[in-house]
Structure formats: structure tokens, C-alpha cells
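Peer 1: Just passing along the structure, written as C-alpha cells.
The values are calculated or read from the model by the stated rules, or taken from the named source; none is laboratory data. Because the structure is a prediction, the values reported are computed rather than measured. Note that each Cβ is placed from the backbone with ideal geometry, even for glycine, and that neighbours are counted across all protein chains shown.
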Amino acid sequence: MREEVVKECEKFREDMIEVACKLIELKAISPDYGGDGELDKAEFVEKLLNGFEVERFDAKDDRAKGGVRPNVVAKVCDGERTLWIVSHLDVVPEGDLSLWEYPPFKAVVKDGKIYGRGSEDNNQAIVSSLFAGKVVKNLIDKGFEPKIGLGLVFVSDEETGSEFGIKFLLKRGVFDKRDLVVVPDAGNERGDEIEIAEKSILWLKFKVHGIQSHASLPKLNANRRAMEFLLELDRALHDKFNAKNELFSPPNSTFEPTKREKNVDNVNTIPGLDVSYMDCRILPEYDLNDILRVVEDVKSKFVERGRKPIEVEVLQANSSPPTPESSEVVVKLKKAIKLMRGIEAKVVGIGGNTCASFFRKAGIHTAVWATFVSNAHKPNEFCLIDNMVEDAKVFAVMPFI
């Protein structure tokens, strides 16, 4: 079986490169980031799925081209249960153009790499899963019988919350709880890490009020008050939630102040309002409600002390249970990596957030795996062509083992 999969995948190598380049040039940025959405890219992917049973699930979004955020679901072969490989269509914006050596949305192939925004995150997965499907179909035509059905999913909106993507599909009942899911959206260079758990994510926005005044006659400086509040909150959260879990790197929960909004325009005015944000990545053993209770306690003390309000808004809160290491999807993926790569894969947890968390919350065992150089969201993003092809081999063999 290994030799057959290798032979079939290698036949598609040049086609994979061509498709990966075309995907980069189909700019698929969320309306949340000022883009038109994923319609053009979804329609291109649909055309490549000729011969499969394909259905599109469009989530309505008037901000996007065509008024929709498309999700493409393809069935390669049937079975009592289905192994789904799920990748995402959307990409993040290019950021600072001056940092790019090549145009971000014009693919460049050089030294075994494909450069361009979205090349690794997540076009590599789109290509490797799509051509794995073609390989499986060819093997079935040759008389090989899969032990489980195979399906491919290409979703919108992964980069901005998944409301129009995986969450939408789960509500539509596309998946069965007996199904297995692989999400190729995180990994390492060796390809020996299978992610089975993600830290909970909590994004908070703080509006700290003070008294605007002349800098020579300061009253209640919102900047200073916000800094003191954030530092005290930081200490309280780290003291209270200090457990370590070696499945993750770093092994502890993190509570990071990040974005800060512009306030006054001139140097000699004390701001009356500070708007700041915090990104919290919390070990799954903690309840997010307990985090929020500590936030509320610290806030209450500061409000009492300063006699001015502090407003807290939860921008995002997401948590999910881990996938058991003994689950079938993890065991099957380990076998496939061993067979095709000759390496023993280990399980890990990550601080990032993928759409795997929504599957896990729905009770569907999910593994996250790919071979990545991990330059997603960076300038001069690229994917290694060999990684794309070798990942396709692993995905293609999974239904047969």
C-alpha cells in the first residue's frame, strides 16, 4: 500500500504546485479585515473536485462578495463513518508590504518553496488534502478498499472566529459524532507532533475611565490607572492560575496585555479614557468563569479606589476538551505517519486556536497535524513543496489502515 500511495501522489506533484500557486493569487481575506471573503477561492476549489460528491454550504454575509461565506464539502468515498480532513480558505492580510521580498499575492516558486500569503496557512493543507482525495479515488478504481469513508472540507472564516465556517457547518449537522476529523492547521518541521489539545482562549477589552485635564494639573490619569490595573490583574491571574501541564509549550497559562488604542493627540493632555486589550491562553483544566471572577474582583477594587468606572468586555471565549491520546483518529494518524515517514509521532497541546476546538466541543474526536515550517502570518510566508506532497501521502493512506 505504501508504494502505491507514493507512486500516485508523485504523479500529482506538478499539479499540486500549480494549484498552490493559483490559490495564493485568489485573495481570500475576511470582510472583518477589509477583504471580499472567500467566494472566488471556493469556486476554484469546487472545480478541482470534479468526480466527487460535492455540496456547498453558504453562510449569509452581506459584507462579502456574493453576500455569502462559502463552505465546500466533498465526499471522496462512502463508509459507515467518515474521516474528514478540514482546511480553511481564508487568509490573513499581508501586513507591512515593505517587509515582503516578493508580492504577497503573486506566487513565487524558488528553491523548493512556494512564497505568498496563505501558502502555508492554509493553502498547503487545501492542496495536500485535495490531492490525497484524488489518490484515494485512483486507488479505489484499482481495487483497493478503504476501511472508512473519506471527506474533504474547505471552510471560510477560520481566521476571524469560524461563525461562518465550522460553527455554521456543525449547526447544519454535516458531521456525525462517530466521525473522525483531522485538521492540518498546526505542526512542526519534522511532522512528528499531533496536537490533541488546545488552551482555552479568552480575549478581553478594558475601558478604563479617568479625568481628562491639563498635564500640569493632573486629576485621575486614565493611562496610569489602566497600567496599574493591568499589572495588578496580571499578578492576580498568574498567582491564582499557576498550574503547569507539560503537554503544552509554554506549560503554563498566559495572560498577555496586547493592543492599546490611541487616546489624546497632544503630549500635554491627561487622557480621560484608556482602552486596552488582553489575550489569555488558559490551560484546559481551568474554567473560564473562574478567570472572569478574578477579573471582576480586581476591577471592583479599582473602581472603589478611583471612583470612576472600568468596563470589561469579553471579545472571545472558547474552550474545548482534549482528544484522548487513545482515540481512533490519533491511533490511525500515528500509524499513517509511521508507515509513510518512518517516524514515531508524539502528542502535544498548543496555545493557538484552530477549528478543532469546535469539533471537540461537539464531541467529535479531532487531531491537528501537518508538516509546517511555522511561518504563518509572517512576511515572506512560504510552504515547502515536499511538505505539501508528503502530507498528501499521509492523508491518502489513512482510509486504508
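Peer 1: Can you name the residue in segment 230-274 that is without any contact (Cβ under 8 Å) to a residue 40 or more places away in the chain and basic (K, R) and, of all such residues, is farthest from I291 (Cα to Cα)?
Peer 2: It comes out as K262.
Peer 1: Name the residues in segment 275-315 that are free of Cβ contacts under 8 Å to residues at least 24 places away in the same chain and among the hydroxyl-bearing types (S, T, Y), would you?
Peer 2: Selection gives S300 alone.
Peer 1: Any idea which of (1) closer than 26 Å to W84 by Cβ; (2) part of a helix (DSSP H, G or I); (3) touching a residue at least 40 places away in the same chain (Cβ under 8 Å) is the one V348 doesn't satisfy?
Peer 2: It fails just one condition, (2).
Peer 1: Then there is this: Could you give me the residue pairs with C-beta distances under 9 Å whose first residue belongs to segment 175-190 and is farther than 20 Å from G118 by Cβ, whose second residue is exposed (fewer than 12 other Cβ atoms within 10 Å of the Cβ) and charged (D, E, K, R) wherever it lies, and which are 6+ apart or on separate chains?
Peer 2: R178/E80
For (1) within 24 Å of G191 (Cα to Cα); (2) not in a helix (DSSP H, G or I); (3) not assigned by TED's automatic domain parsing to the domain that holds M16, each residue gets a yes or a no:
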site: E94; (1), (2), (3): no, yes, no
site: Y102; (1), (2), (3): no, yes, no
site: R117; (1), (2), (3): yes, yes, no
site: I126; (1), (2), (3): yes, no, no
site: F131; (1), (2), (3): yes, no, no
site: K134; (1), (2), (3): yes, no, no
site: K137; (1), (2), (3): no, no, no
site: E145; (1), (2), (3): no, yes, no
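Peer 1: Any idea which residue in segment 101-112 is surrounded by the fewest Cβ atoms within 10 Å (Cβ to Cβ), counting only those that are free of Cβ contacts under 8 Å to residues at least 24 places away in the same chain and out of contact with any strand residue (DSSP E or B) (no Cβ under 8 Å at 6 or more places or on another chain)?
Peer 2: Pass one, segment 101-112, residues free of Cβ contacts under 8 Å to residues at least 24 places away in the same chain: 103, 108, 110-111.
Add one more test, that the residue is out of contact with any strand residue (DSSP E or B) (no Cβ under 8 Å at 6 or more places or on another chain), and what stays is 103, 110-111.
Values: P103: 15, K110: 10, D111: 8.
Applying the filter and picking the extreme gives D111.
Peer 1: Determine whether segment 154-167 contains at least one residue that is closer than 30 Å to R69 by Cα and aliphatic (A, V, I, L, M). Can you show your working first?
Peer 2: First pass over segment 154-167, keeping only residues closer than 30 Å to R69 by Cα: 154-167.
Of the ones still in play, those that are also aliphatic (A, V, I, L, M) are 155, 166.
Yes.
Peer 1: Hey, among L220, L150, L180, which residue is in contact with a Cys (Cβ under 7 Å, 6 or more places away or on another chain) and among the hydrophobic types (A, V, I, L, M, F, W, C)?
Peer 2: On the way: L220 fails: in contact with a Cys (Cβ under 7 Å, 6 or more places away or on another chain); L180 fails: in contact with a Cys (Cβ under 7 Å, 6 or more places away or on another chain).
Of L220, L150, L180, the one residue that is in contact with a Cys (Cβ under 7 Å, 6 or more places away or on another chain) and among the hydrophobic types (A, V, I, L, M, F, W, C) is L150.
Peer 1: Can you confirm whether segment 264-284 contains a residue that is modelled with pLDDT of 95 or more, within 30 Å of I364 (Cα to Cα) and not in a strand (DSSP E or B)?
Peer 2: Yes, there is a match, as at least one residue in segment 264-284 is modelled with pLDDT of 95 or more, within 30 Å of I364 (Cα to Cα) and not in a strand (DSSP E or B).
Peer 1: Look through V329, V389 and report the one residue that is outside any loop (DSSP other than H, G, I, E, B) and either under 30 Å from E285 (Cβ atoms) or free of Cβ contacts under 8 Å to residues at least 60 places away in the same chain (or both).
Peer 2: Details: V389 fails: either under 30 Å from E285 (Cβ atoms) or free of Cβ contacts under 8 Å to residues at least 60 places away in the same chain (or both).
Exactly one residue qualifies, and that residue is V329.
Peer 1: Additional query: Which one of G67, G37, G51, G79 is surrounded by fewer than 14 Cβ atoms within 10 Å (Cβ to Cβ) and either over 25 Å from the mean Cα position of the chain (by Cα) or touching a residue at least 24 places away in the same chain (Cβ under 8 Å) (or both)? Don't jump to the end; show me each part of the working.
Peer 2: Values: G67 fails: either over 25 Å from the mean Cα position of the chain (by Cα) or touching a residue at least 24 places away in the same chain (Cβ under 8 Å) (or both); G37 fails: surrounded by fewer than 14 Cβ atoms within 10 Å (Cβ to Cβ); G79 fails: surrounded by fewer than 14 Cβ atoms within 10 Å (Cβ to Cβ).
Criteria check complete, one pass: G51.
Peer 1: Looking at segment 230-263 only, could you name the residues that are buried (at least 16 other Cβ atoms within 10 Å of the Cβ), in contact with an Asp or Glu (Cβ under 9 Å, 6 or more places away or on another chain) and in a helix (DSSP H, G or I)?
Peer 2: A236
Peer 1: Same structure again: Please note which helices (runs of 4 or more DSSP H) are completely contained in segment 2-75 and include at least 1 residues that are modelled with pLDDT under 95 and charged (D, E, K, R).
Peer 2: On the way: elements: 2-11, 13-25, 39-48.
Filter on segment 2-75 gives 2-11.
Peer 1: Just to be sure before I move on: is D386 in contact with a strand residue (DSSP E or B) (Cβ under 9 Å, 6 or more places away or on another chain) and of a type in the set (D, E) in the structure I sent? Quick ask: steps written out before the conclusion?
Peer 2: On the way: in contact with a strand residue (DSSP E or B) (Cβ under 9 Å, 6 or more places away or on another chain): yes; of a type in the set (D, E): yes.
Yes; evaluated as a whole, the condition is true for this residue.
Peer 1: Identify the single condition in (1) without any contact (Cβ under 8 Å) to a residue 24 or more places away in the chain; (2) within 20 Å of C21 (Cβ to Cβ) that S98 does not satisfy, given that it satisfies every other one.
Peer 2: S98 satisfies all of (1) without any contact (Cβ under 8 Å) to a residue 24 or more places away in the chain; (2) within 20 Å of C21 (Cβ to Cβ) except (2).
Peer 1: Would you please name the residue that is surrounded by the most Cβ atoms within 10 Å (Cβ to Cβ), looking only at residues in segment 141-173 that are hydrophobic (A, V, I, L, M, F, W, C) and over 30 Å from K335 (Cβ atoms)?
Peer 2: First, pick out the residues of segment 141-173 that are hydrophobic (A, V, I, L, M, F, W, C): 144, 148, 150, 152-155, 164, 166, 168-170.
From the residues that got through so far, the ones that are over 30 Å from K335 (Cβ atoms) too are 164, 168.
Numbers: F164: 28, F168: 20.
Per the stated criteria, the residue is F164.
Peer 1: Among the residues of segment 285-307, are any out of contact with any Phe, Trp or Tyr (no Cβ under 6 Å at 6 or more places or on another chain), assigned to a helix (DSSP H, G or I), at pLDDT 95 or above and not assigned by TED's automatic domain parsing to the domain that holds P250?
Peer 2: Start the filter on segment 285-307 by keeping residues that are out of contact with any Phe, Trp or Tyr (no Cβ under 6 Å at 6 or more places or on another chain), which leaves 285, 287-301, 303-307.
Still in the list and also assigned to a helix (DSSP H, G or I): 288-301, 303-306.
If we keep only those that are at pLDDT 95 or above as well, we get 288-300.
From the residues that got through so far, the ones that are not assigned by TED's automatic domain parsing to the domain that holds P250 too are none.
No, that holds for no residue.
Peer 1: Within segment 205-218, is there a residue that is charged (D, E, K, R) and over 30 Å from D62 (Cβ atoms)? Talk me through it step by step, then tell me what you get.
Peer 2: Looking only at segment 205-218, we keep the residues that are charged (D, E, K, R), and these are 205, 207.
Applying the additional criterion that residues be over 30 Å from D62 (Cβ atoms) yields none.
No: zero hits.
Peer 1: Are any residues in segment 352-386 assigned to a strand (DSSP E or B) and closer than 21 Å to E325 by Cβ, and if so, which ones?
Peer 2: Just the residues of segment 352-386 that are assigned to a strand (DSSP E or B), to begin with: 366-368, 371, 382-384.
Within segment 352-386, T366, A367, V368, T371 qualify.
Peer 1: I've got another one for you. Hey, among A392, A336, A370, A396, which residue is modelled with pLDDT of 95 or more, crowded, with 21+ Cβ neighbours inside 10 Å and not assigned by TED's automatic domain parsing to the domain that holds E14? Lay out the reasoning, then the answer.
Peer 2: Numbers: A392 fails: not assigned by TED's automatic domain parsing to the domain that holds E14; A370 fails: not assigned by TED's automatic domain parsing to the domain that holds E14; A396 fails: not assigned by TED's automatic domain parsing to the domain that holds E14.
Residue meeting the stated conditions: A336.
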